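Right, one structure below, let's go through it.
The values are calculated or read from the model by the stated rules, or taken from the named source; none is laboratory data. Computed from a predicted structure; not experimentally measured. Cβ coordinates were reconstructed from backbone atoms using ideal geometry, including for glycine residues, and neighbour counts include every protein chain displayed.
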Amino acid sequence: MDLSQIRTGLKVRVAKLKSTTGLSIDQELINNRKMGVTGVLQKWVPGHGGDMWYVKHDNGKMAVYAFDELEKLE
């Protein structure tokens with residue numbers, strides 16, 4: 001997904017998972033990352049240059065993903 005498409009409230013699906021090495025994020029948010037899940041973008045993660053976003057999964061769990069790990073759902 002193009003960074004220009006990213007906005008709070010956007011419905012997304014996790015299309016790929018990349019390395020989490022070097023992320024300064026709560027371990028639970030990293031552990032909740034799952035391939036193929038759908039959810040809604042909440043806000044960008046401070047300290048990561050706008051590339052990382054909080055996503056609330058449809059099951060209610062929160063996780064963090066890079067914008068290029070996500071695909072926009074219509």
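So here's what we get for this one:
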item: Residues that are in contact with a Phe, Trp or Tyr (Cβ under 7 Å, 6 or more places away or on another chain), surrounded by 15 or more Cβ atoms within 10 Å (Cβ to Cβ) and assigned to a loop (DSSP other than H, G, I, E, B), drawn from region 15-70; result: Arg33, Val45
item: Per-region count, region 53-73, residues out of contact with any helix residue (DSSP H, G or I) (no Cβ under 8 Å at 6 or more places or on another chain), of a type outside the set (D, E, K, R) and under 17 Å from Thr20 (Cβ atoms); result: 5
item: Cross-chain or 6+ apart pairs with Cβ under 8 Å, region 33-52 first and on the phi > 0 side of the Ramachandran plot, then at pLDDT below 95 and surrounded by fewer than 11 Cβ atoms within 10 Å (Cβ to Cβ); result: Gly47/Ser24; Gly50/Leu3
item: Members of region 1-60 that are at pLDDT 90 or above, under 20 Å from Glu74 (Cβ atoms) and of a type in the set (S, T, N, Q); result: Thr8, Thr38, Gln42
